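Engineer: Have a look at this one before I ask anything.
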Amino acid sequence: MAKRKTDAKRKPGGTTRGPASRGTRTTNVERLRDEILEASLRHVAFDGWTAKALAAGARDTGAGATGLARAFPGGPRDAAKHFGALTDRRMTEALGRQLRRKPLRIHERIAAAVRARLRILASHREAVRRLVAFLALPVNATLAAKLLWRSADAVWRAAGDTSTDFNYYTKRALLAGVYGSTLLFWLADGSEDFAATDAFLERRIADVMKIFSLRGRLKSAGDGLAFVRGLGETLGPFVPPGLLRRFGQWFRPRRSSRPESG
């Protein structure tokens, strides 16, 4: 007897089960997250990054409690992660459009990417302020570091960085410090069109470019180690454990692997 063909089973939301449907299912979940998050941001401005704000956003979209549980099972922490990812995605798209119109040098790309990110955040400035307060809670310290690192990574990738060696880590650690300080400056900036923030960012980018060329100009291992200690005092909160220690090893005299004669 021939087997009867049956339609693939469908889950709520119109997606089919099985390997062929995984991409569509992921896309649908991402779309649901985007919609709920966008609707929630107006509530976050008043209620903070809370379950209450997310529930209000889910109601506004018609997703309800079921849709909210599907989109953000981890609650506000998951929503904060997606906010960072969504902003990074839009920043990458905006920078791509800009680079198609006019090629830029690497430091100009970095500055343009950070500016693009801040422009995206500008319409949700109070929600960003609430996010900073949310991430400042001790329980969210690890999440804050991860989100900052991912944003720095997204900026470098959007700028065309393809490094896979130790520079991969130093670039992102330094940019994390730049972006973190610029974001805080931007939140307090009352100047027209955030001109003061733009000037602040230009100074920080210039500082980073100097750091990349500094190693070759250091006269001694002692100078290098002193530099690393100063760097650690400045960027310590933003640098992964052990990174500055490894960076400092660049300046230590290397032992010869050849056996001594005699």
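The values are calculated or read from the model by the stated rules, or taken from the named source; none is laboratory data. From a predicted model like this one, the values you see are computed outputs, not experimental measurements. Don't worry about glycine lacking a Cβ; one is built from the backbone with ideal geometry, like all the others, and counts go over all protein chains shown. Please note that ligands, DNA and RNA were not included when accessible areas were found on the heavy atoms of the full protein model with its side chains. Shrake-Rupley method; radii C 1.70, N 1.55, O 1.52, S 1.80 Å.
Engineer: Are there chymotrypsin sites (Phe, Trp or Tyr not before Pro) in segment 158-189 that DSSP marks as loop and that have at most 13 other Cβ atoms within 10 Å, and which are they?
Structural biologist: Here the chymotrypsin sites (Phe, Trp or Tyr not before Pro) that fit, given the DSSP loop and packing criteria, are Phe166.
Engineer: Using a 1.4 Å probe on the protein chains only, how many percent of the accessible area of segment 157-198 belongs to carbon and sulfur?
Structural biologist: Looking at segment 157-198 in its full context, I get 53 percent from C and S.
Engineer: If you don't mind, another one. Within 10 Å, count the other beta carbons around each residue, average over each peptide in 64-74, 133-143, and list them highest first.
Structural biologist: 64-74, 133-143
Engineer: Hey, can you rank 205-211, 187-193 by average C-beta count inside 10 Å, highest first?
Structural biologist: My ranking of the peptides, most packed first, is 205-211, 187-193.
Engineer: Can you send over the carbon and sulfur percentage of the accessible area for segment 88-154, probe radius 1.4 Å, protein chains only?
Structural biologist: 57
Engineer: If you build the convex hull over the alpha carbons only and average its shadow over all orientations, what do you get for segment 27-127? Give it in nm² to one decimal.
Structural biologist: So the mean shadow area of the Cα hull is 6.9 nm².
Engineer: Over segment 56-139, with the other protein chains present, what is the accessible area per residue in square angstrom, probe 1.4 angstrom?
Structural biologist: Dividing the accessible area of segment 56-139 by its residue count gives 52 Å².
Engineer: Taking 0.36 nm per residue of sequence separation and subtracting the Cα-Cα distance, how much length would be gained by fully extending the chain between Met209 and Ala133, in nm to one decimal?
Structural biologist: 24.3 nm
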